[in-house]
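The structure under discussion is supplied below as structure tokens; questions concerning it will follow.
The values are calculated or read from the model by the stated rules, or taken from the named source; none is laboratory data. What you see is a predicted model, and the numbers here were worked out from it, not measured in a lab. Counting neighbours? That spans all protein chains shown, and the Cβs are built from the backbone with ideal geometry, glycine included. All accessible areas refer to the heavy atoms of the entire protein, side chains included, with ligands and DNA or RNA removed. Shrake-Rupley method; radii C 1.70, N 1.55, O 1.52, S 1.80 Å.
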Amino acid sequence: MNPLFLTIPLFALQAPPASFPEVEAKDLAPAPRGPMVPHVRDAGAEHSIMGKARHNARSGPSIPALQLPVGSVRVQDKVPDMSGWRAYAIEVPGGGTVKVHVVVGRKGWFRVLGVNAWGRQEEGLLQNRIPTGEPQATYKNPSAETRTIYFIVDTLDTNMVGEPFTLEVTRG
């Protein structure tokens, strides 16, 4: 039997996963503006002092956002404060697509929301309405012009300050 015949399947099985450049959130520039606070139920709300503090931290007019770089990237970040969410701004060219997915961390304790500047959904935004344990959202720009879309990584528990996660941003 030819030994080369046996090694070909082994090489095919060991294909490396697609690797994206990795950046730390602290190295990202702040976006010129963030999205307005979306009108969604706070899944981490509770009736306690911590719950009231979280509610107050989430009651601002907008969420500060970090600007994501051009191209696909992995962002290492952590939950910044008591509000339990972090927003990312991304420029999507006409007809372009983007998928944002929490791939490392306690994924079942996160969700990803895609919104426009007004904190609302619009045509082209898709996200998990049914909890699947896969925190992700996608956007396909239906127009010919570049749009700024915001993806919000939200926590589903009150006490997650400092919780690390890795966000994978895939552009198409």
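Could you calculate, for the range 107-172, the ratio of the Cα radius of gyration to the Kirkwood radius, expressed as Rg to Rh?
When Rh is taken as the Kirkwood radius, the ratio is 0.99.
Please list, ordered by chain and number, the residues whose modelled amide H lies under 5 Å from the amide H of Ala31; skip anything fewer than 5 residues away on the same chain.
Ala65, Leu66, Gln67
Using the heavy atoms of the protein chains alone and a 1.4 angstrom probe, what is the accessible area of the range 32-162 per residue in square angstrom?
51 Å²
Counting only Cα, what are the radius of gyration and maximum Cα-Cα distance Dmax of the range 17-71, in Å?
Just the Cα atoms of the range 17-71 yield Rg and Dmax of 15.6, 44 Å.
Explain nothing, just compute: Karplus ³J(HN,Hα) = 6.51 cos²θ - 1.76 cosθ + 1.60, θ = phi - 60°, for every residue of the range 41-54 in order, whole Hz, x for Gly and Pro.
So the Karplus estimates, Gly and Pro as x, are 5, 7, 5, x, 5, 8, 8, 7, 5, 5, x, 5, 5, 5 Hz.
Same structure, new question: Measuring from label point to label point, each 7 Å out along Cα→Cβ, what is the Lys26 to Asn56 span in nm?
Placing both labels 7 Å along Cα→Cβ, they lie 2.8 nm apart.
Now a separate question. Which whole-number percentage describes the relative contact order of the chain, with Cα contacts under 8 Å and a sequence gap of 6 or more? Numbers along the way, then the final one.
On the way: 377 pairs, mean separation 50.7, N = 172.
Rounded, it is 29 percent for the chain.
Here's another thing I want to ask about it. Report the label-to-label distance for Asp157 and Asp81 in nanometres (one decimal), using points 7 Å from each Cα along the Cα→Cβ vector.
2.2 nm
Another one. Give me the compactness ratio for the chain, meaning the Cα radius of gyration over 2.2 N^0.38 Å.
Ratio of Cα Rg to 2.2 N^0.38 Å: 1.19.
While we're on this one: Glu46's amide H: which non-local residues (gap 5+, or another chain) put their own amide H closer than 5 Å, with H modeled 1.01 Å from N in plane and none for Pro or chain starts?
Result for Glu46 returns Gly51.
Relative to the present Cα-Cα distance, how much length would full extension add between Ile49 and Glu134 at 0.36 nm per residue of separation?
27.6 nm
Select from the range 88-172 those GluC sites (Glu not before Pro) which occupy a DSSP coil region and have at most 12 other Cβ atoms within 10 Å, ordered by residue number. Mind dumping the intermediate values first?
Numbers: sites: Glu91, Glu122, Glu123, Glu145, Glu168; in loops: Glu122, Glu123, Glu145.
Passing both the DSSP loop test and the Cβ count: Glu123, Glu145.
Counting other Cβ atoms within 10 Å, which trypsin sites (Lys or Arg not before Pro) in the range 120-172 have at most 11 and lie in a DSSP loop?
Listed in order of number, the matching sites are Arg129.
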